[in-house]
1. Report, by residue number, each residue of segment 71-93 that is part of a loop (DSSP other than H, G, I, E, B), touching a strand residue (DSSP E or B) at 6+ places or on another chain (Cβ under 8 Å) and touching a residue at least 40 places away in the same chain (Cβ under 8 Å).
2. State all residues of segment 49-77 that are within 16 Å of ASP16 (Cβ to Cβ) and open to solvent by 70 Å² or more (accessible area, probe 1.4 Å); if no residue qualifies, say none.
3. Can you give me the number of residues within segment 1-48 that are within 21 Å of ASP86 (Cα to Cα), surrounded by 13 or more Cβ atoms within 10 Å (Cβ to Cβ) and of a type in the set (D, E, K, R)?
4. Got a sec? Which helices (runs of 4 or more DSSP H) wholly within segment 8-70 have at least 2 residues that are without any contact (Cβ under 8 Å) to a residue 40 or more places away in the chain and charged (D, E, K, R)?
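The values are calculated or read from the model by the stated rules, or taken from the named source; none is laboratory data. Because the structure is predicted, anything quoted here is derived from the model rather than measured. When we count neighbours, we look across all protein chains shown, and the Cβ atoms used for this are built from the backbone with ideal geometry, even at glycine. Surface accessibility is based on the protein's heavy atoms, side chains included, excluding ligands, DNA and RNA. Shrake-Rupley method; radii C 1.70, N 1.55, O 1.52, S 1.80 Å.
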Amino acid sequence: MEARLHLAAIVDSSDDAIISKHLDGTIVSWNQAAERLYGYTAAEMIGQPIARLVPPDRLEELAAIMERLKRGERVEHFETVRLHRDGTAVQVS
């Protein structure tokens, strides 16, 4: 239990946005850095589809990533664009 609490504290205090989701794309965790990067609170995003952050022209990219994860494949580091709450593009990796 102590190890889980320690890991949770690391994720929460990270300067990197860390978001976890189920294989159906539903967001299950959202750290403080994600709040700063995207402009949504954890309460607003947990339970929402990750697609909410994806520009319409990138939805196929998301579908391909989710299919790879469902097959148990690793998704290597890549750069892409996601959307801030106000609709502006956010460059992420």
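1. We begin by selecting, within segment 71-93, every residue part of a loop (DSSP other than H, G, I, E, B); these are 71-79, 84-88, 93.
So of that shortlist, the ones also touching a strand residue (DSSP E or B) at 6+ places or on another chain (Cβ under 8 Å) come out as 79, 84, 93.
HIS84, the sole residue that qualifies.
2. Hit for segment 49-77 is HIS77, nothing else.
3. Within segment 1-48, residues that are within 21 Å of ASP86 (Cα to Cα), surrounded by 13 or more Cβ atoms within 10 Å (Cβ to Cβ) and of a type in the set (D, E, K, R) number 2.
4. Working: elements: 32-38, 42-45, 59-70.
So the answer is 32-38, 59-70.
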